[in-house]
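These notes concern the structure reproduced below.
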Amino acid sequence: MRIVQVVPSMESGKLAQEALEFAQEMARQGHESSVISSGGALVSRLTLHNCQHFELPVHRKGLVNNRLHRKVRKQLESMQADVLLCRDSLCSWHGWKIWQSLPEAARPRLITFLHRWPQGGIFGRGWMKGAVARGELVFAASQDLARRLSKRFEIPLAAPEDSPKPFTVRHLYRGVNVRELDRRAPVSGHWQQRLLNNYPQLEGRSWLLLPGEIGPGRGQDNFLELLAELKKEREDLFGLVVGEVVPGQEKFARGLEQRAESMGLAEHVVFLGPRRDMRELYASARITFELADPLYADGRVISEALAMGCPAVTLGGPGVEVLQQCFPQGLNECVAVGSENVTESGDLNKYLVATCLTILREPEAIDFSGFSLEETGARAVDWFQQVNKTS
């Protein structure tokens, strides 16, 4: 099967990273995997794994893009693509316009993908409104997104056991590459020693991990407040904040460190910056957190932590659904966090503290089956093939 993804760019970012991982998995499963984008730093990693890349300015906005559409159409015709997978609303718009212009017999299956609900409503009032709902099969990154998209555009919502039919919406979680995040592989003693040499205050402590971009709404404020409460119960706990600062938010990051010191957490938290040893950090942490606002929470951290056998806790987003199926203990009382009486009374931390202490005392088993990249990729291919048969 010839699978072509359209993504605005292959520069660093969640969307580009997901397109890269999916393309690599499709190639590993024996399919012809290609990506059309405006280019970026991840292109070299893409082509290294037997995937093709075609650089075209699909990141450009504009109601009239005839020249761009002719180029993409020509590329699709030369590749004889079977599936055209468009990520985000802009690429869904381009893909839909190009797909319409192709002869019906030569059309690939048009698949669109909604990764998150846009801020301020569903795609605003612009000319791209609803473009992601025009695919013959529409993927959503979670069950909640699939339900909201189905209700908003009156697209049939397929049950998990149903065969997909043209113009239906289904949820497809982001899979984790468990060959890279392999929980069976031991953590190197040399790695531990290097980390302790750099941060001797970590020795003998129980680590609580918060990965993700550092900026307003990303959860670092919540993490410091939670750590301050947990410290009253357990002096051995230590917080690790991992991630790069969002451009333009350097002042916010400095303020976090000052706030940690003013809260008496100077000896209980460290800001590690961006790291390339997340596998080892997940494996060594007692709990991994995703405490970002719903706008920024995508569940990636939760899935990666669970793949490594690390208990996880989240406040919302796709990570909630993953926890429900893999590690319900990570939700515990936090399921009620969204209720008005909890947020208004300021009892959020009480629920989180109770959840964390329960996990630290006696963590339950984690069942990560069904969420690997291999499994989600195979599921997507199966749906591609079924839609092709019913179209």
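The values are calculated or read from the model by the stated rules, or taken from the named source; none is laboratory data. Since this is a predicted model, take the numbers as computed values, not measurements. Backbone-built Cβ (ideal geometry, glycine too); neighbour counts: all protein chains shown. SASA here: full protein model, heavy atoms, side chains in, ligands and nucleic acids out. Shrake-Rupley method; radii C 1.70, N 1.55, O 1.52, S 1.80 Å.
State log₁₀ I(q)/I(0) for the chain at q = 0.07, 0.11 Å⁻¹ as given by the Debye formula over alpha-carbon point scatterers of equal weight, solvent excluded.
These q points yield log10 I(q)/I(0) values of -0.35, -0.83.
What are the semi-axes of the equivalent ellipsoid of segment 1-67, taken as the square roots of 5 times the eigenvalues of the Cα gyration tensor, listed largest first and rounded to whole Å?
21, 13, 9
Over every pair of different alpha-carbon atoms in segment 28-81, take the mean of 1/r and invert it; report that Kirkwood radius in Å.
One over the average 1/r among Cα pairs gives 12.4 Å for segment 28-81.
Setting aside same-chain residues fewer than 8 positions from LYS231, which lysines have a Cα under 22 Å from its Cα?
Straight-line reach from LYS231, under 22 Å: LYS350.
Extension gain LYS61-GLN17, at 0.36 nm per residue separation less the Cα-Cα distance, in nm?
13.7 nm
If amide H atoms are built 1.01 Å from N in the plane of the peptide, which residues on other chains or at least 5 residues away come under 5 Å of the amide H of LEU237?
SER206
Most fluctuating residue of SER284, SER369, SER206 in a GNM of the chain with Cα springs under 10 Å: which is it?
Result for the chain, Cα springs under 10 Å: SER369 fluctuates most.
Enter the accessible area of VAL72 (Å², nearest 10), with the probe set to 1.4 Å and all protein chains included.
Counting only protein heavy atoms, VAL72 exposes about 10 Å² to solvent.
What spacing in nm lies between the two simple spin-label points modelled at LYS74 and ASN388, each 7 Å away from Cα in the Cβ direction?
So the label points at LYS74 and ASN388 sit 2.7 nm apart.
Counting only the heavy atoms of the protein chains, how much of TRP96 is accessible to a 1.4 Å probe, in Å² to the nearest 10?
Solvent-accessible area, nearest 10 Å²: 50 Å².
Just to be sure I understand: with springs between alpha-carbon atoms less than 10 Å apart, which residue in GLU235, GLU304, GLU362 has the highest mean-square fluctuation in the Gaussian network model of the chain?
The residue that fluctuates most here is GLU362.
Using only the alpha carbon atoms of segment 1-112, find the Kirkwood hydrodynamic radius as the inverse mean reciprocal pair distance, in angstroms to one decimal.
13.7 Å
Give me the lysines in straight-line cross-link reach of LYS74: C-alpha distance below 19 Å, same-chain residues under 8 apart excluded.
In chain and number order, the partners are LYS97.
Which whole-number percent of Cα pairs in segment 230-293 have a distance greater than 12 Å?
Beyond 12 Å sits 76 percent of the P(r) for segment 230-293.
Students sometimes get this wrong: rank ASP277, ASP298 by accessible area, probe 1.4 Å, all chains present, largest first.
Output order, biggest surface exposure first: ASP298, ASP277.
Which residue fluctuates most in the GNM of the chain (Cα springs below 10 Å): GLN100, GLN17, GLN29?
GLN100
Using a simple spin-label model with points 7 Å from Cα along the Cα→Cβ vector, what separation in nm is obtained for ALA354 and ASP367?
Using points 7 Å along Cα→Cβ, the separation is 2.5 nm.
Compute the orientation-averaged projected area for segment 196-245 from the convex hull of its Cα atoms and round it to one decimal in nm².
3.7 nm²
Under a point spin-label approximation (7 Å from Cα along Cα-to-Cβ), what is the GLU235-ARG45 distance to one decimal in nm?
About 4.2 nm, to one decimal.
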